[in-house]
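The values are calculated or read from the model by the stated rules, or taken from the named source; none is laboratory data. These figures come from a predicted structure and were not determined experimentally. In this analysis, Cβ positions are derived from the backbone assuming ideal geometry, glycine residues included, and neighbour counts consider all displayed protein chains. Note: areas computed on protein heavy atoms with side chains; ligands, DNA, RNA excluded. Shrake-Rupley method; radii C 1.70, N 1.55, O 1.52, S 1.80 Å.
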Amino acid sequence: MTDVPISEYAFLSDCRSGALVSRAGSVDWWCPGRFDAPSVFGRLLDPQAGYWLLAPVGQSSPGRGPSSERAYLPGTMVLRTEHHTADGAVEVVDALAVSPGARGHKIGMASPQVLIRVVRGLAGSVRMRAEFVPRPQYGLLTPYLYNGSDRLLSDCGPGRLVLRGDVPLTARDDSTAVVEFTVSAGERVGFDCAYAETYGDPEAVLDRVAAVTDAVEAWRSIQAIHRYQGRYPELVRHSALVLQGLTYQPSGAVAAALTTSLPEEIGADRNYDYRFAWLRDFAFTLHALWVGACPDEADRLFDWMARSTGRIGPRPLPVMYGVEGERCLGETSLDHLRGYRNSRPVRIGNEAWHQHQLDVLGEIMIAAHRLQNTLGDFDDALRTLLVGIADKAAETWREPDAGMWEVRGEVRHYLTSKVMCWAALDRAVRLAPKLGDRADPARWTAVRDEIRATVLDRGWNPQVGAFTGAFGSPDLDASVLVLPIARFLPATDPRMRATIEAVHDRLGSDGLIRRWPGDPAGFVLCAFWLVECLVMLGEMDRATELFERTARRANDVGLFAEQLDLTTGEQLGNFPQALSHIGLINAAWRLTMPDLSDLPSDDTS
């Protein structure tokens, strides 16, 4: 079964890596160890790249439509799917195991790297089928499969998989293992697949049922930490769990998405690897964690950022890093993979790592200003970092860059890049008393005010009647919705109000908001930005309607990809997408606390 709609997948996580399992019961993506590690199951991107199916035999379109129901167990990222056939019903519970007894932020500090699947009979007798087709290294390797007394070993390359089950699987010559078995009401049949490095420690051996119970308790311990008190609590808490699931717990970095190369447009080539951590996402993520009332996570994420950036030098600040702070993320095309629905190339790594993107300076300073109370007294390293960022903004704001949308092969004077340089200096001035003798608030203030005057002069296009995406451009761009969010200009300013309405009217389509004219799909985050702007305009009814309409576009287990098809609403782009869930959290908070828009700074605690 290939070319499954993106929305048909559910996300499993152990806070180090993740897996995608389809409604049909097929694990089509798993990169054990790290989010950006090579896949062992990669059918998401090519029919020959491996999978693990566990589903009823002979179902028409197995697991689809009224024959199945699925949901995460409450407060967890443990998935339960109930299949109904003519002969009975079963449930399948899927989970990535956590270290035994790990709770709260200890989840993911270590991981047994075990994917568990347990079938339980509910009614009648159901014939089940398991197909185990490992294809490590993004499908480049076809492993040897060996039958053992109580296990099946997949051995090839730098890693090995060990599959154990309550019924034996027999390896075939094509490196595939298949078994059919019957589950009657009250019976339970389980499997676990453990990954280990070929030349490392042996694979973990777990009690499957106990490990599932432990994973449930572990996820619920995380949700108990998130003390969100606001509108749409279930949506916010679930999105917070998704963000936790995308967190590489050893460092605290949040991956932008679980996947690589899921296309923005089917058959097109804007297919990028999102399994890294972007500084652009940093301020939005920090705000979402702050809203979720979990400052420990926010502190750890800030610490990851500071360690990753190091001292600010003459080169542009990198815009993204690996989850352990790696800077060189060179891009390679995997030409042996056909891509999701023939959308090629499939890329690993991301060339955006060395783009010049000025907006990241503002995002870091906004985050530092917001967290100043929880960060306590700034040490010398932090003061040096923040002063360096402010000086960099003052020195480079006039330069063209690649912009928020990471346009390749083109640099321009993007409006949001200038505004975020303004934000970097504005927050630096506010933080100056904490930044020591190297702070230069007088200079920063002068440059900040110069940026503001330049943006108001060159960013406003009277012919368009709105702020446009770049100086001198006639094109609207939804990124300008960040102006009131970053507190550059009140939403009620006549020019900003006109811009918000222009984005709504000219870039909107049935509640979906494109990034620019001609953008092939709606960008989920932009819809939530528009919600925030409508709140700041005092348009609460419109904001509420748009929020609820956008929230309903999540899939049946509450997950968002990056974009949505303008005609069908089909989810597009990498999945699940952190920024989409961050947008939901922040928009829900804005709806909860609309008066925050009147405060002069981000210090709303």
Query raised in the report: Of the numbered conditions (1) assigned to a strand (DSSP E or B); (2) modelled with pLDDT under 95; (3) open to solvent by less than 30 Å² (accessible area, probe 1.4 Å), residue 175 satisfies every one except a single condition; which is it?
Result: (1)
Report task. Could you tell me which residue of the stretch 191-218 is nearest to the chain's Cα centre (by Cα), considering only residues that are in a helix (DSSP H, G or I) and either among the polar types (S, T, N, Q) or within 24 Å of residue 39 (Cβ to Cβ) (or both)? Result -> 215
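Can you report the number of residues in the stretch 2-16 which are more than 24 Å from residue 84 (Cα to Cα) and not in a strand (DSSP E or B)?
Taking the stretch 2-16 and keeping what is more than 24 Å from residue 84 (Cα to Cα), we get 13-16.
Keeping just the survivors that are not in a strand (DSSP E or B) gives 14-16.
Total satisfying the criteria: 3.
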Query raised in the report: In the stretch 402-429, how many are of a type in the set (D, E, K, R) and at pLDDT 95 or above?
Result: 4
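Can we say residue 374 is of a type in the set (Val, Ile, Thr), open to solvent by 10 Å² or more (accessible area, probe 1.4 Å) and under 18 Å from residue 437 (Cα atoms)? Working first, answer last.
Values: of a type in the set (Val, Ile, Thr): yes; open to solvent by 10 Å² or more (accessible area, probe 1.4 Å): yes; under 18 Å from residue 437 (Cα atoms): no.
Taking the combined requirement at face value, the residue does not satisfy it.
Pick from 160, 129, 120: which is open to solvent by less than 60 Å² (accessible area, probe 1.4 Å), charged (D, E, K, R) and either assigned to a strand (DSSP E or B) or touching a helix residue (DSSP H, G or I) at 6+ places or on another chain (Cβ under 9 Å) (or both)? Step through it out loud before you land on a result.
Details: 129 fails: open to solvent by less than 60 Å² (accessible area, probe 1.4 Å); 120 fails: open to solvent by less than 60 Å² (accessible area, probe 1.4 Å).
Of the residues listed, the single one that is open to solvent by less than 60 Å² (accessible area, probe 1.4 Å), charged (D, E, K, R) and either assigned to a strand (DSSP E or B) or touching a helix residue (DSSP H, G or I) at 6+ places or on another chain (Cβ under 9 Å) (or both) is 160.
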Report summary line: Log entry, pairs with first residue in the stretch 535-556 being under 30 Å from residue 10 (Cβ atoms) and assigned to a helix (DSSP H, G or I), second being open to solvent by 20 Å² or more (accessible area, probe 1.4 Å) and of a type in the set (Ser, Thr, Tyr), beta carbons closer than 8 Å, six or more apart or on different chains, reads 547/232; 551/232
Report task. Considering only the stretch 368-398, state which residues are assigned to a loop (DSSP other than H, G, I, E, B) and over 30 Å from the mean Cα position of the chain (by Cα). Result -> 377, 379, 398
Query raised in the report: Got a number for residues in the stretch 54-67 being at pLDDT 50 or above and surrounded by fewer than 23 Cβ atoms within 10 Å (Cβ to Cβ)?
Result: 4
Query raised in the report: Residue check: is residue 112 in a loop (DSSP other than H, G, I, E, B), open to solvent by 30 Å² or more (accessible area, probe 1.4 Å) and closer than 22 Å to residue 210 by Cβ?
Result: no
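How many of the residues in the stretch 132-151 are in a loop (DSSP other than H, G, I, E, B) and open to solvent by less than 10 Å² (accessible area, probe 1.4 Å)? Don't jump to the end; show me each part of the working.
Step one: of the stretch 132-151, the residues in a loop (DSSP other than H, G, I, E, B) are 134-143, 148-151.
Pick out the ones that are also open to solvent by less than 10 Å² (accessible area, probe 1.4 Å) and you get 134, 143.
The qualifying residues number 2.
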Requested in this report: Select from the stretch 422-440 the residues that are under 15 Å from residue 368 (Cβ atoms) and either part of a helix (DSSP H, G or I) or out of contact with any helix residue (DSSP H, G or I) (no Cβ under 9 Å at 6 or more places or on another chain) (or both) and list them in ascending order.
Outcome: 423, 424, 425, 426, 427, 428, 429, 430, 431, 432, 433, 434
Requested in this report: Give the residues of the stretch 551-564 that are surrounded by 14 or more Cβ atoms within 10 Å (Cβ to Cβ), more than 13 Å from residue 511 (Cβ to Cβ) and touching a strand residue (DSSP E or B) at 6+ places or on another chain (Cβ under 8 Å), sorted by residue number.
Outcome: 555, 557, 558, 559, 560, 561, 562, 563
Query raised in the report: Here is a list of conditions, (1) at pLDDT below 95; (2) crowded, with 19+ Cβ neighbours inside 10 Å; (3) in contact with a strand residue (DSSP E or B) (Cβ under 8 Å, 6 or more places away or on another chain); (4) among the β-branched types (Val, Ile, Thr), and residue 93 meets all of them except one; can you say which number that is?
Result: (1)
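Collect the residues in the stretch 17-35 that are part of a loop (DSSP other than H, G, I, E, B) and crowded, with 24+ Cβ neighbours inside 10 Å, keeping them in residue-number order.
Of the residues in the stretch 17-35, the ones part of a loop (DSSP other than H, G, I, E, B) are 17, 23-25, 31-35.
Listed by number, the residues that qualify are 17, 23, 25, 32, 35.
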**Report entry** Complete set of residues in the stretch 3-23 that are out of contact with any Leu (no Cβ under 9 Å at 6 or more places or on another chain) and within 16 Å of residue 266 (Cβ to Cβ)
**Finding:** 3, 5, 8
Query raised in the report: Just one of 363, 326 is open to solvent by 10 Å² or more (accessible area, probe 1.4 Å), of a type in the set (Asp, Glu) and under 29 Å from residue 6 (Cβ atoms); which is it?
Result: 326
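Tell me, yes or no, whether the stretch 316-338 has at least one residue that is assigned to a helix (DSSP H, G or I), at pLDDT 95 or above and not acidic (Asp, Glu). Before you say what the answer is, go through the steps one by one.
Step one: of the stretch 316-338, the residues assigned to a helix (DSSP H, G or I) are none.
Among the residues of the stretch 316-338, not one is assigned to a helix (DSSP H, G or I), at pLDDT 95 or above and not acidic (Asp, Glu), which makes the answer no.
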Query raised in the report: How many of the residues in the stretch 500-520 are within 19 Å of residue 403 (Cα to Cα) and open to solvent by less than 10 Å² (accessible area, probe 1.4 Å)?
Result: 5
Query raised in the report: For the subset of the stretch 456-485 comprising residues that are crowded, with 17+ Cβ neighbours inside 10 Å and not hydrophobic (A, V, I, L, M, F, W, C), which member is nearest to residue 405 (Cα to Cα)?
Result: 479
Query raised in the report: Quick one: how many residues across the stretch 265-294 are more than 15 Å from the chain's Cα centre (by Cα) and within 24 Å of residue 7 (Cβ to Cβ)?
Result: 7
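Inside the stretch 538-550, can you point out the residues that are open to solvent by less than 20 Å² (accessible area, probe 1.4 Å) and either among the hydrophobic types (A, V, I, L, M, F, W, C) or on the phi > 0 side of the Ramachandran plot (or both)?
Initial filter on the stretch 538-550 (open to solvent by less than 20 Å² (accessible area, probe 1.4 Å)): 543, 546-547, 550.
Matches in the stretch 538-550: 543, 546, 547.
Considering only residues that are of a type in the set (S, T, N, Q) and either in a helix (DSSP H, G or I) or modelled with pLDDT under 95 (or both), which ones fall in the stretch 576-593?
580, 586, 592
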